[in-house]
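First comes the structure, then the notes that go with it.
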Amino acid sequence: MPMLLDLPLEIQTQICEFLSRSDLKRIRFISRGFNATSERLLFNTIIIKVNIPNFDKLAAIANCRRIRKLSRTVRFDGRELYPSPHQGFEGWLIHNCAQGLGLFQAAEREDYILRQAKERLEQCYANYCDYLSGQKRVLDGNNKLIWLINAFKQLPHLSNIEYHEGLTRWQKAIDWRQHLESSECNMLARDKDWACWNSDRVFERHFWPLLDAANEAGTLVSVESIRAQNLATTGVWTHRRIVQRIQGHIQNLRHLSLEFVPDIQHPKTNLIMGKFLQGSPLLESLKLEYAMNHDRESYEDLIIPLFDSNSQWKFLHKLALGKLTLSFQSLKKLLLDHRATLKELELTDILLRQDKQPPGPARSPWINEVIPLLSRDLCLNHIRLDGDLRTDDSETWSTYCNLECGKVRSGSLQDQIYRYILHLGPYPFRVKGIAKDQIVVEGQSKKRFGALDQSHASPIGPELPSGSTGPITPTWTAKDSWDYDEDESWRLGRAVWKVHG
């Protein structure tokens, strides 16, 4: 009777991928065959946190000739635990305990603490103190950089570097209650500031130095994938010398994903990032996401310094841009430069700027320019348009599909748009005829609109917003120029009032 161990090692590995990490550790002790199978999965990814035990494990793996050959990925968790200004167990219990969980309101937190045994809380406080002591050793001087360089030198097959702060969308969902039982540093002991993602103390202390360590060790040149979340654009400027130093050693990079959080951007950040992107001519997939800012219209055009250059990626087949402000011409040039290879495209929360406002239906660039461009000039296998797709005029399209699963209801307007882009269906928008004698309100008086602008003025003049003074630019929406079957998958947002003076 054939046994599981009689299967090829690759098949065994695929079967064991469904096991949890704790189960993989257990089956190592069954036999040498199971040990070989589980080791390939257990040591494929090295998880590093800012504490001594994790750096000790990293050094142990790097010094073991058999195991270090199995390591392909380094995943760095950049969260730090900050010292409490309140001394002693009582001060920690009142001000810090359970603040970092992000699960409780004030009353719920107090109730949760009261339900814990005193012995457990004392153990959490001991973990808190031990963690701070070990973290201080890592951050003192150049210890972190030296230890990383020494380890990277002995990881010959390192090909992926990942950086995040906390749980990521790359990892499988886990029960947060399991996280509470961590003996290394129970989350009950965390300071509330570690979870504050607007804190400048958290960001950019580790990602660029992590790449710098790989570069100093000589392994960055062989890295094929870099993925990072919760970055800050200010960190690009702070570590600009590191960025400039490593941009000449990422020529073999195939996959790059950088996701930034809201912060105040230095004016030269995009120039630095643009040169960094040009240092990887072999990119096959690129994801760039700038976090949404509440005052996005004050942002300068972010896409031009990053992509408007003569260089292009000859093998780029997957592109994902999120939460960016860009001009239509910049987007068009980027897509047309890579139309021969680009097969997958995702645009999320994009604000398009127009150099000048065209008349009539052309005033709606998303349905008049962007969507036809994607269908006419590209040959895509996958398309995704999500979030708020806006222009600096009054056009705002909002999608309400399931962003996690990426499911779009069959027959919906968004599905019809996707089918048109993928050459599977007709164009779902139809141009209306030119309207006549449309009346608008300017200041407090009515007057007839000129023939040039008839096609995009509202049939009924807008009322003045309370407390505002005119004159008011006439409110135009895409519905004034286009016919389409709107549903919740692709909705026209509210018109924006523009009050001058």
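Just one of 347, 331, 351, 342 is outside any helix (DSSP H, G or I), open to solvent by less than 10 Å² (accessible area, probe 1.4 Å) and modelled with pLDDT under 90; which is it? Steps first, answer last, please.
Values: 347 fails: modelled with pLDDT under 90; 331 fails: outside any helix (DSSP H, G or I); 342 fails: modelled with pLDDT under 90.
Result of the check over 347, 331, 351, 342: 351.
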Selection within region 313-328 - in contact with a strand residue (DSSP E or B) (Cβ under 6 Å, 6 or more places away or on another chain), surrounded by fewer than 20 Cβ atoms within 10 Å (Cβ to Cβ) and closer than 25 Å to residue 224 by Cα: 318, 320, 322
Selection from region 240-272 of residues that are modelled with pLDDT of 85 or more, under 20 Å from the mean Cα position of the chain (by Cα) and not in a helix (DSSP H, G or I): 253, 254, 255, 256, 257, 258, 259, 260
Within region 33-60, tally of residues that are open to solvent by 20 Å² or more (accessible area, probe 1.4 Å) and of a type in the set (A, V, I, L, M, F, W, C): 8
Only listed residue being in contact with a Ser or Thr (Cβ under 6 Å, 6 or more places away or on another chain) and either closer than 30 Å to residue 342 by Cβ or crowded, with 19+ Cβ neighbours inside 10 Å (or both), chosen from 220, 211, 253: 253
Cross-chain or 6+ apart pairs with Cβ under 6 Å, region 141-159 first and without any contact (Cβ under 8 Å) to a residue 24 or more places away in the chain and over 15 Å from residue 208 (Cα atoms), then outside any helix (DSSP H, G or I) and of a type outside the set (Val, Ile, Thr): none
Every residue from region 225-239 that is at pLDDT below 90 and either open to solvent by 50 Å² or more (accessible area, probe 1.4 Å) or over 18 Å from residue 163 (Cβ atoms) (or both): 234, 237, 238
For residue 65: the one exception among (1) basic (Lys, Arg); (2) loosely packed, with under 13 Cβ neighbours inside 10 Å; (3) at pLDDT below 85: (3)
Tally, over region 214-239, of residues that are more than 19 Å from residue 281 (Cα to Cα), more than 20 Å from the chain's Cα centre (by Cα) and assigned to a helix (DSSP H, G or I): 3
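Kindly indicate which of 172, 144 is basic (Lys, Arg) and either more than 29 Å from the chain's Cα centre (by Cα) or at pLDDT 85 or above (or both). So that I can check it myself, show each step before the final result.
On the way: 172 fails: either more than 29 Å from the chain's Cα centre (by Cα) or at pLDDT 85 or above (or both).
Criteria check complete, one pass: 144.
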Region 203-219, residues that are modelled with pLDDT of 90 or more, in contact with a strand residue (DSSP E or B) (Cβ under 8 Å, 6 or more places away or on another chain) and of a type outside the set (Gly, Ala, Ser): 206, 207, 210, 211
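The values are calculated or read from the model by the stated rules, or taken from the named source; none is laboratory data. The model shown is predicted, which means the values in this text are computed figures rather than measured ones. Ideal geometry is used to build each Cβ from the backbone, glycine not excepted, and the neighbour counts take in all protein chains shown. With ligands, DNA and RNA removed, areas are computed over all heavy atoms of the protein, side chains included. Shrake-Rupley method; radii C 1.70, N 1.55, O 1.52, S 1.80 Å.
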